[in-house]
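K.L.:
First the structure, which I've put down as structure tokens, then a few questions once you've had a look.
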Amino acid sequence: MTVLLRPHHLLCILTHVGRGYSPAFTTNMAAIIERISAGEEIKIVDGPDDICAPLLHDEDAHCSRNSVIARDRAASNDIGKLLGRAATPGARLVLDDASIRSLRRAFDTMSVRSACEGCEWASLCSAVAAAQYANTCL
């Protein structure tokens with residue numbers, strides 16, 4: 001199978017420590033991160049993805065808001081520059097240990113965090129990064 005991810009979720013998975021919007025969201029995110037950790041391929045999508053799934057029953061889900069779409073554009077640009085290839089819808093990648101380390105180094109230096117501006121989870125993610133990603137799921 002393939003994990004469907006929107007671009008900014010490539011950043012979110014780096015710092016996920018089991019907190020989220022709801023228990024269903026958190027359980028789903030951990031399961032998706034486990035699949036990615038096992039080497040499952042990721043396909044970049046436009047709009048709601050596998051991580052968003054538990055939120056989509058809410059008619060006011062933030063997954064389709066303009067601010068989230070802008071977050072995806074910023075992440076796609078930053079991650080594409082880092083990886084040296086497009087991180088746009090349709091792109092496929094597998095996150096191995098080296099690519100995760102590279103993403104985390106870039107996250108630490110703020111070079112891939114323009115998508116995080118204004119995110120309600122940004123301070124938690126910064127704290128996780130400062131603690132050298134202790135207790136993360138990935």
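K.L.:
Quick check on my filter: what residues within the range 81-105 are small (Gly, Ala, Ser) and under 14 Å from the mean Cα position of the chain (by Cα)?
P.N.:
Passing the criteria: Ala87, Ser99.
K.L.:
A further question follows. Can you tell me which residue within the range 38-83, out of those that are outside any loop (DSSP other than H, G, I, E, B) and among the β-branched types (Val, Ile, Thr), is surrounded by the fewest Cβ atoms within 10 Å (Cβ to Cβ)?
P.N.:
Of everything passing the filter in the range 38-83, Ile69 is surrounded by the fewest Cβ atoms within 10 Å (Cβ to Cβ).
K.L.:
Quick check on this structure: which one of Arg85, Arg105, Arg35 is of a type in the set (Lys, Arg) and farther than 18 Å from Cys137 by Cα?
P.N.:
Arg85
K.L.:
Shifting gears a bit: Which is out of contact with any helix residue (DSSP H, G or I) (no Cβ under 6 Å at 6 or more places or on another chain) and modelled with pLDDT under 95, of Ser76, Ser102, Ser22, Ser37?
P.N.:
Ser22
K.L.:
Starting from residues that are in contact (Cβ under 8 Å) with a residue 60 or more places away in the chain and surrounded by fewer than 20 Cβ atoms within 10 Å (Cβ to Cβ), keep the ones in the range 13-32 and report whichever is nearest to Val94 (Cα to Cα).
P.N.:
That would be Ala30.
K.L.:
Of all residues in the range 124-138, how many are within 17 Å of the chain's Cα centre (by Cα), of a type outside the set (Ser, Thr, Tyr) and surrounded by 12 or more Cβ atoms within 10 Å (Cβ to Cβ)?
P.N.:
6
The values are calculated or read from the model by the stated rules, or taken from the named source; none is laboratory data. Not measured: the values here are computed from a predicted model. Here Cβ is always computed from backbone atoms with ideal geometry, including for glycine, and neighbour counts include all displayed protein chains.
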